[in-house]
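Worksheet: one structure, shown below.
The values are calculated or read from the model by the stated rules, or taken from the named source; none is laboratory data. Not measured: the values here are computed from a predicted model. Note that each Cβ is placed from the backbone with ideal geometry, even for glycine, and that neighbours are counted across all protein chains shown.
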Amino acid sequence: MRWSLSEFLNIIELRSQTWCYVGLSSGGGFSIPHNDVIYFYAALEGAADISGVAGGVTRLRRGDVVMILSGEAHAIRDQPHSVTSSLDFLASGEYADAPANFMLGEGRPAARILAGRLKVRWPGGQRPRTLPPFLAAQTSDSIVNFSTLLDKVPGEGATAVLTRAATLMFVTAFRDHPQCRAAFQDFSLHDPISRAQQYIQMHPFGPWTVEILARKVGMGRSNFASRFASDIGRTPMEYLSEERMKHAALFIEQTDMKVAEVGERVGYRSEAAFIRRFTTYFGFSPGELRRRKRLAARAEAERPRSFETASSGALSSRAASGQPDHPPAHLLRVPAFAAHAAGSRGRLCKNSCAVPVASYEDRRPKADPPNYRSGS
């Protein structure tokens with residue numbers, strides 16, 4: 001593990017605009033397919049079973065919170081043999097400004113669950129294999145006052161509030177889990193190359209030089225440069241350049257900044273030099289990347305709309321509130337094109353902090369990355 005526990009939890013990012021309340025009546029339940037996100041469930045009333053995670057069944061009682069980290073397909077039922085239906089809103093990650101409401105089953109609800117789908121950006125680009133399949137917590141012991149949260153959350157911006165609260169609960173549950181703590185026991189402040197990588201990943205626009213990095217990790221310049229190249233396969237400055245190129249690609253796709261402005265932001269005074277380096281690294285120019293993004297957005301906007309009949313007993317609050325069934329297309333995250341191009345030439349080593357690749361089918365709007373302000 002290349003981070004301390006505090007550093008890992010400080011770097012991780014959780015984002016969501018997909019929250020809903022689910023009422024489970026007699027015989028009610030829903031299933032969720034495999035997905036590389038975190039599912040958050042809190043039992044507000046009654047009880048339900050979560051099956052399919054780590055090959056077992058977890059009982060969710062009033063006041064219990066379960067956060068599924070493994071991405072495994074799972075089902076939630078009010079009774080062990082209840083028939084499940086597909087809850088597309090939650091499974092596909094539809095976005096909403098306020099939580100949607102669903103009723104599954106027949107009769108009066110026996111359980112009520114707050115459910116959320118959280119996109120996660122793991123440090124290093126992927127979920128550490130040593131983490132547990134899920135985290136559990138109690139609302140009564142939580143750092144978040146749940147009753148106050150639910151009283152305050154209704155209205156515009158509600159999903160943002162829930163996401164921030166879920167993030168805080170995730171951090172505290174993560175710290176308290178012995179398997180999570182064990183994953184960081186081997187962290188060493190004396191691993192200079194990993195530390196140098198971490199400095200670059202956390203501060204890619206810092207005024208780094210080989211001398212500064214070597215001094216930060218307590219090594220001489222020559223020894224550090226030789227060791228870094230041997231362990232990583234690239235020089236420190238090549239590694240720094242690659243990290244900056246990944247951010248440059250995000251600027252190109254997710255902002256309206258001019259190419260020259262992006263180049264200056266990532267450390268290039270010459271637009272021509274920036275374009276040459278970008279094209280060498282990704283295999284296409286910044287203008288071509290932006291053109292592909294626009295074509296993808298246009299194709300999505302022109303895609304024929306399809307409407308599915310809601311399952312029996314289910315009510316979509318999006319439809320009831322007049323919101324569109326299909327949110328507008330988002331801008332594809334960079335590595336959908338860029339990481340593939342770079343990876344095919346062996347430029348991303350196993351120790352690199354690759355930017356996560358967003359699924360092409362995952363077309364909900366995404367918030368801008370921190371401090372990525374157009375034209376600033």
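Quick rundown of the values:
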quantity: Residue match in the stretch 5-26 (condition: touching a Ser or Thr at 6+ places or on another chain (Cβ under 7 Å) and part of a loop (DSSP other than H, G, I, E, B)); calculated: no
quantity: Strands (runs of 3 or more DSSP E) within the stretch 90-178 that include 1 or more residues touching a residue at least 40 places away in the same chain (Cβ under 8 Å) and more than 23 Å from His74 (Cα to Cα); calculated: 106-121
quantity: Residue within the stretch 188-202 that is assigned to a loop (DSSP other than H, G, I, E, B), among the hydrophobic types (A, V, I, L, M, F, W, C), in contact with a helix residue (DSSP H, G or I) (Cβ under 9 Å, 6 or more places away or on another chain) and within 27 Å of Ala248 (Cα to Cα) present; calculated: no
quantity: Residue in the stretch 65-89 that is farthest from Leu150 (Cα to Cα), counting only those that are among the charged types (D, E, K, R) and surrounded by fewer than 21 Cβ atoms within 10 Å (Cβ to Cβ); calculated: Glu72
quantity: Test: residue in the stretch 220-234 that is charged (D, E, K, R) and in contact (Cβ under 8 Å) with a residue 60 or more places away in the chain; calculated: yes
quantity: Ala272 touching a helix residue (DSSP H, G or I) at 6+ places or on another chain (Cβ under 6 Å) and outside the structural domain of Pro123 (by TED's automatic domain parsing); calculated: no
quantity: Matching entry among Leu131, Leu150 (being in contact with a Cys (Cβ under 7 Å, 6 or more places away or on another chain) and at pLDDT 85 or above); calculated: Leu131
quantity: Number of the exception - Ala166 against (1) among the small types (Gly, Ala, Ser); (2) surrounded by 20 or more Cβ atoms within 10 Å (Cβ to Cβ); (3) at pLDDT below 85; calculated: (3)
quantity: Only one of Ser312, Ser285 that is among the small types (Gly, Ala, Ser) and at pLDDT below 80; calculated: Ser312
quantity: Pairs with Cβ under 6 Å, 6+ apart, first in the stretch 61-75 and in contact (Cβ under 8 Å) with a residue 12 or more places away in the chain, second in a loop (DSSP other than H, G, I, E, B); calculated: Leu69/Leu131; Ser70/Pro133; Gly71/His34; Gly71/Asn35; Gly71/Asp36; Ala73/Pro33; Ala73/His34; Ala75/Thr84
quantity: Residue tally, condition among the charged types (D, E, K, R), in a helix (DSSP H, G or I) and over 12 Å from Pro204 (Cβ atoms), over the stretch 238-262; calculated: 3
quantity: Selected residue (only one of His177, His203 is exposed (fewer than 14 other Cβ atoms within 10 Å of the Cβ), at pLDDT 85 or above and not aromatic (Phe, Trp, Tyr)); calculated: His203
